[in-house]
Amino acid sequence: MRLSVIGCGYLGAVHAASMAELGHDVVGVDIDTHKVDLLSDGRAPFFEPELEELLARNVDAGRLTFSENFSAIEGAQVHFISVGTPQSESGAADMSYVNVAVDSMLPHLGRCTAGPEVVAGKSTVPVGTASRLAQTIERAGALLVWNPEFLREGFAVQDTLRPDRMVYGLPDDPGTAARAKEVMDAVYERILATGTPRLVMDYATAELVKVSANAFLATKISFINAMSQVCDAAGANVTALAEAIGMDERIGSRFLRAGIGFGGGCLPKDIRAFQARADELGVGDAPAFLAEVDRVNETMRAGVVQTAKELLGDNLTGATVTVLGAAFKPDSDDMRNSPALDLATELSGPAKRVVVHDPAAGPILAKQEDRPYEVAPSTQSALEGTDLIIVGTEWREYQDLNPTQAAGLARTRYVIDGRNCLDAQDWKAAGWTYRGIGRR
Ligand code: UDX
């Protein structure tokens, strides 16, 4: 099938490459020339495991092209909208990219000869968006499906090609819905053939599935982080607690890792946008607990700054603090809303020096001007002369650090394990004063 993907960021680039991998003929459209050039060369504009191989293979095979020109989408049977919906100042989702994408594609719709033409929305949008857009799109000759994406950065290719489930939000008219569903089934034929559940629902529910999944995940993390604060006060251990409650199948053990909290391009903005939309709908009280989820998340970062102050006392003003990690999570170079980077910025005020290292995001960070911290090219150089190590992102290489070797590089041996990913006993045995999150 001929497909187009509008917006080639984390979501779109991975989706375009994955659809080509399924055997489709795909064109990705983006207004960013640099991104289009890189992608056309088979190179990934960001760090994402497996993506570059997928891009290179499919660009070479001639199944995958990229363009800045919307006319490139003409004749494709399915057009995926995968532009960003960043947080606006009010907290609501900024819909300008979606609106521009739709306006720009309209003049090029209605030219597919292979069968019904479909616009498939993948972007995370406020509930009500699809029904707002459907009529305009139908008038231009295509049907609209809302087909949310649940990919995690770091596992994006895997999540796209082997998703837990596929969700289609379909038009109300049964005949139109059946035609749109058939087209989407053809796109995902190879994925569905492996037994992936495909759930069919109305537009509004499909839009809400995505935001409520993220709201639930954020709530789960803030729940365990709230427990970590109680554990700290009570002298209990949140890791043991999480393991024990997670064995109850109704609770489940995933997303119960206490730490400095969630960040990234999705969870923080999605819970705020969800709240803003619920307010608009007059039901703002129902998800009001999400403001608490957000607040608990922020308190985790503040807690680490406080612990740093307690550990170093007056010496903080002359101290070098090393923050290990800048990406919001490992296997990503995404620093949007990164808890680790927030800590580096916060501590650069009171500390003498803050040195940041990150195996993937570090080189990007190093190029930024006006940052209040240094960027080290290696973990080793980041640890030289340090007074306090803060693990902000649980990269494997930090988990594998040898505490004795690290002790040889440091000036004083304080470590705050912001992701509870180090072996506390090993570090203590090597002479470090160790602080985890909720595992004192
Ligand atoms: C998330 C959703 O998981 C995904 O389904 C959606 O499509 C996009 O948003 P992503 O932002 O890539 O994906 O990251 P995720 O793996 O969910 O982690 C989010 C944040 O939560 C990270 O900062 C991570 O460090 C943190 N986290 C995760 C915890 O603090 N504790 C946990 O137990 C799990």
(message) Which of the numbered conditions does residue 301 fail, given that it passes all the others? Conditions: (1) assigned to a helix (DSSP H, G or I); (2) free of Cβ contacts under 8 Å to residues at least 24 places away in the same chain.
(response) (2)
(message) Could you tell me how many of the residues in the range 241-261 are polar (S, T, N, Q) and closer than 17 Å to residue 422 by Cα?
(response) 0
(request) Scan 127, 59 and give me the residue that is out of contact with any Gly (no Cβ under 8 Å at 6 or more places or on another chain), assigned by TED's automatic domain parsing to the domain that holds residue 6 and β-branched (Val, Ile, Thr). (result) 127
(request) Test each condition in (1) crowded, with 16+ Cβ neighbours inside 10 Å; (2) farther than 25 Å from residue 180 by Cβ; (3) over 21 Å from the mean Cα position of the chain (by Cα) for residue 112 and report the one that comes out false. (result) (2)
(request) Please indicate, with yes or no, whether at least one residue in the range 172-189 is within 16 Å of the ligand (Cβ to nearest atom) and open to solvent by less than 60 Å² (accessible area, probe 1.4 Å). (result) no
(message) Looking at the range 315-322, can you tell me whether even one residue there is in a strand (DSSP E or B), open to solvent by less than 20 Å² (accessible area, probe 1.4 Å), in contact with a Gly (Cβ under 7 Å, 6 or more places away or on another chain) and within 21 Å of residue 337 (Cβ to Cβ)?
(response) no
(message) Exactly one condition in (1) in a helix (DSSP H, G or I); (2) more than 10 Å from the ligand (Cβ to nearest atom); (3) without any contact (Cβ under 8 Å) to a residue 40 or more places away in the chain is false for residue 229; which is it?
(response) (3)
(request) Starting from the range 143-165, keep only residues that are open to solvent by 20 Å² or more (accessible area, probe 1.4 Å) and within 13 Å of the ligand (Cβ to nearest atom), then list their pairs with residues that are part of a helix (DSSP H, G or I) and of a type in the set (Ser, Thr, Tyr) whose Cβ atoms are within a distance under 6 Å, requiring at least 6 positions of separation or different chains. (result) 151/160
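Kindly evaluate residue 104 against the criterion of being crowded, with 21+ Cβ neighbours inside 10 Å and touching a helix residue (DSSP H, G or I) at 6+ places or on another chain (Cβ under 9 Å).
no
Yes or no, residue by residue, for (1) of a type in the set (A, V, I, L, M, F, W, C); (2) open to solvent by 10 Å² or more (accessible area, probe 1.4 Å); (3) in the same structural domain as residue 77 (by TED's automatic domain parsing):
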residue: 6; (1), (2), (3): yes, no, yes
residue: 19; (1), (2), (3): yes, no, yes
residue: 27; (1), (2), (3): yes, yes, yes
residue: 38; (1), (2), (3): yes, yes, yes
residue: 45; (1), (2), (3): no, yes, yes
(message) Could you check the range 97-141 and list, in sequence order, the residues that are farther than 22 Å from residue 168 by Cα and part of a loop (DSSP other than H, G, I, E, B)?
(response) 111, 113
(message) When you check residue 272 against the structure, is it in a loop (DSSP other than H, G, I, E, B) and of a type in the set (Lys, Arg), yes or no?
(response) no
(request) Could you please let me know if residue 125 is buried (at least 17 other Cβ atoms within 10 Å of the Cβ) and within 30 Å of residue 259 (Cα to Cα)? (result) yes
(request) Quick one: in the range 412-433, of everything that is in contact with a strand residue (DSSP E or B) (Cβ under 8 Å, 6 or more places away or on another chain) and farther than 11 Å from residue 389 by Cβ, which residue is surrounded by the fewest Cβ atoms within 10 Å (Cβ to Cβ)? (result) 428
(request) Keeping to the range 59-96, report how many residues are within 15 Å of residue 120 (Cα to Cα) and part of a helix (DSSP H, G or I). (result) 1
(request) Kindly indicate the residue of the range 259-277 that is more than 15 Å from the chain's Cα centre (by Cα) and open to solvent by less than 10 Å² (accessible area, probe 1.4 Å) and also nearest to the ligand (Cβ to nearest atom) among those meeting that condition. (result) 259
(request) Scan the range 115-122 and give yes if some residue there is surrounded by 15 or more Cβ atoms within 10 Å (Cβ to Cβ), in contact with a Cys (Cβ under 9 Å, 6 or more places away or on another chain), without any contact (Cβ under 8 Å) to a residue 60 or more places away in the chain and assigned by TED's automatic domain parsing to the domain that holds residue 38, otherwise no. (result) no
(message) Every residue in the range 8-17 that is assigned to a loop (DSSP other than H, G, I, E, B) and buried (at least 24 other Cβ atoms within 10 Å of the Cβ), please.
(response) 8
(request) For residue 204, state whether it is in a helix (DSSP H, G or I) and surrounded by fewer than 17 Cβ atoms within 10 Å (Cβ to Cβ). (result) yes
(request) Taking only the range 278-295 into account, find how many residues are of a type outside the set (D, E, K, R) and open to solvent by 20 Å² or more (accessible area, probe 1.4 Å). (result) 7
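The values are calculated or read from the model by the stated rules, or taken from the named source; none is laboratory data. All values derive from a computational prediction rather than experimental measurement. All Cβ positions, glycine included, derive from the backbone under ideal geometry; neighbour counts span all protein chains shown. These accessible areas exclude ligands, DNA and RNA; they are computed on the full protein's heavy atoms, side chains included. Shrake-Rupley method; radii C 1.70, N 1.55, O 1.52, S 1.80 Å.
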